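Asker: Mind looking over this structure? Questions follow.
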Amino acid sequence: MEKYRVIEIKQSIFADNDRQADLLREKLKEKGVFLLNLMSSPGAGKTTTLSRTIEMLKSEMQIGVMEADIDSDVDAATIENYGARVIQLHTGGMCHLDAGMTGQGIEEFGVDGLDLLVLENVGNLVCPAEFDTGAVKNAMILSVPEGHDKPLKYPLMFQVCDVVLVNKIDVLPYFDFDMEKCVEYVHMRNPEAKVIPICAKTGEGMDAWADWLRGQVEEWKK
């Protein structure tokens with residue numbers, strides 16, 4: 001009796017998405033558009049952080065925003081009030097965006113003339129980290145009320161991020177949050193990640209974030 005054939009599958013199931021992501025980055029590079037993928041759990045402060053970021057940088061560069069949500073246009077309506085071009089992306093129930101979906105959004109949106117395009121991804125710490133969206137850099141927001149142990153619990157999110165914004169530092173006195181431990185845990189997952197404590201509501205720490213982002217956009221355009 002013949003044995004069953006065994007086929008070793010060595011290609012990543014994400015390989016097709018990764019190819020699409022690389023092609024998307026090439027197209028964005030040609031146009032001089034820097035795409036930032038912004039991730040966090042729900043309520044961490046993505047939209048508030050993004051709103052203040054737009055206020056700080058809109059006099060220096062043309063900014064566009066793609067708001068991704070399972071449903072509603074609440075965030076898009078909020079961002080539009082801050083002077084950035086915005087489009088709402090509905091994921092049809094999916095908890096993340098991949099490169100193909102991002103590309104569809106960009107094609108519909110039109111990015112000619114933009115310097116910075118921000119993709120505000122769907123709010124959760126698992127699915128969005130698994131898919132390369134074609135972004136030049138990944139950023140995530142960890143809020144103080146969530147706790148400093150999240151890099152231990154959601155390793156992939158922190159592994160793929162180039163910068164981690166620790167938001168809501170104004171409430172540090174009221175939560176058992178250890179900033180030194182947080183930084184240590186982030187660097188356990190990703191030694192190269194930059195950690196910037198901020199308060200998007202008051203503006204504390206936002207200059208450091210704006211400087212980082214400004215430098216990244218300038219470097220991409222060279």
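The values are calculated or read from the model by the stated rules, or taken from the named source; none is laboratory data. Treat the numbers as computed from the prediction; the structure is a model and nothing was measured. Heads up, the Cβs are rebuilt from the backbone with ideal geometry, glycines too, and the neighbour counts pull from every protein chain shown. Note: areas computed on protein heavy atoms with side chains; ligands, DNA, RNA excluded. Shrake-Rupley method; radii C 1.70, N 1.55, O 1.52, S 1.80 Å.
Asker: Looking only at the chain, where both bridge partners belong to it, what percent of the DSSP beta bridges are antiparallel (to the nearest 5)? Please list the in-between numbers first.
Answerer: Numbers: 0 of 30 bridges.
Of the beta bridges lying entirely in the chain, close to 0 percent run antiparallel.
Asker: While we're on this one: Sorted by accessible area with a 1.4 angstrom probe, largest first, how do Asp75, Asp112, Asp170 fall?
Answerer: Ranked from most to least accessible, the order is Asp112, Asp170, Asp75.
Asker: When the solvent-accessible surface of protein heavy atoms is calculated with a 1.4 angstrom probe, in what order do Phe131, Phe175 fall, highest first? Before the final figure, lay out the partial values.
Answerer: Values: Phe131 45, Phe175 90 Å².
Highest to lowest solvent-accessible surface, that is Phe175, Phe131.
Asker: Can you work out the accessible area per residue across the range 15-216, with the rest of the protein chains kept in place, probe 1.4 Å, in square angstrom? Don't skip to the end; give the middle numbers.
Answerer: On the way: 8900 Å² over 202 residues.
For the range 15-216, the solvent-accessible area averages 44 Å² per residue.
Asker: Still on this model: State the label only: which of [x] 49, 36, 30; [y] 93, 40, 32; [z] 73, 44, 37 corresponds to Cα extents along the principal axes in Å computed from the shown model?
Answerer: Correct label, based on the coordinates given: [z].
Asker: Considering only protein heavy atoms, what is the solvent-accessible area of Tyr185 at a probe of 1.4 Å, reported in Å² to the nearest 10?
Answerer: About 40 Å², ignoring ligands and nucleic acids.
Asker: Treat each spin label as a single point 7 Å out from the Cα along the C-beta direction, and report the His90 to Ser59 distance in nm.
Answerer: Spacing of the two 7 Å Cα→Cβ label points: 3.9 nm.
Asker: Here's something else I'd like to know. Please compare each pair in Lys168/Lys194; Lys46/Lys221; Lys27/Lys58 to a cut-off of 27 Å on the Cα-Cα distance and tell me which ones are over it. Intermediate results must be reported in sequence, preceding the final value.
Answerer: Values: Lys168/Lys194 17 Å; Lys46/Lys221 25 Å; Lys27/Lys58 23 Å.
Among Lys168/Lys194; Lys46/Lys221; Lys27/Lys58, the Cα-Cα distance tops 27 Å for no pair.
Asker: Same structure again: Measure off 7 Å from each Cα along the Cα-to-Cβ vector at Glu108 and Asp22, then give the distance between these two points in nanometres to one decimal.
Answerer: About 2.8 nm separates the two model spin labels.
Asker: Now for a different question. Using 7 Å Cα-to-Cβ label points, what is the Phe14/Val171 separation (nm, one decimal)?
Answerer: Here the modelled spin labels are 3.0 nm apart.
Asker: What are the ³J(HN,Hα) values, in whole Hz, obtained from phi via the Karplus relation 6.51 cos²θ - 1.76 cosθ + 1.60 with θ = phi - 60°, for each residue of the range 176-190 in sequence order, with x given for Gly and Pro?
Answerer: 7, 10, 9, 5, 4, 5, 4, 4, 4, 5, 4, 6, 5, 7, 8
Asker: Need the C-alpha centroid separation for the range 141-193 versus the range 19-57, integer Å.
Answerer: A separation of 20 Å, based on Cα centres.
Asker: Let me ask something else. Which GluC sites (Glu not before Pro) does the range 14-68 hold that lie in a coil by DSSP with at most 13 other beta carbons within 10 Å? If you can, show how the numbers build up before the last one.
Answerer: On the way: sites: Glu26, Glu30, Glu55, Glu60, Glu67; in loops: Glu60.
Sparse-neighbourhood loop GluC sites (Glu not before Pro): Glu60.
Asker: Rounded to the nearest 20 Debye, what is the dipole magnitude of the chain about its Cα centre when Lys and Arg each give +1 and Asp and Glu each give -1 at the C-beta? Kindly include the intermediate steps, with their values, before the conclusion.
Answerer: Working: 23 positive and 37 negative charges, 75 e Å.
I would put it at about 360 debye.
Asker: Farthest toward the dipole's positive end in the chain, which of Gly105, His148, Leu89, given Cβ charges of +1 (Lys, Arg) and -1 (Asp, Glu) about the Cα centre?
Answerer: Sorting the options by dipole projection puts first His148.
Asker: If you don't mind, another one. Using a 1.4 angstrom probe with every protein chain in place, what is the largest-first accessible-area order of His90, His96, His187?
Answerer: On the way: His90 105, His96 15, His187 70 Å².
Putting His90, His96, His187 in descending order of accessible area: His90, His187, His96.
Asker: Can you give me the long-range amide H partners of Val86? Hydrogens built in the peptide plane at 1.01 Å from N, cutoff under 5 Å, separation of 5 or more residues or another chain.
Answerer: Under 5 Å from the amide H of Val86: Val65.
Asker: Per residue of the range 132-144, what does 6.51 cos²θ - 1.76 cosθ + 1.60 with θ = phi - 60° give for ³J(HN,Hα)? Whole Hz please, x for Gly and Pro, Karplus curve as stated.
Answerer: Each residue of the range 132-144 in turn: 6, 8, x, 5, 6, 9, 10, 10, 9, 10, 10, 8, 3 Hz.
Asker: What's the carbon and sulfur percent of the chain's accessible surface, probe 1.4 angstrom, rounded to a whole number? Display every interim value, and only then the final one.
Answerer: On the way: 5680 of 11520 Å².
Solvent-exposed carbon and sulfur of the chain make up 49 percent of the total.
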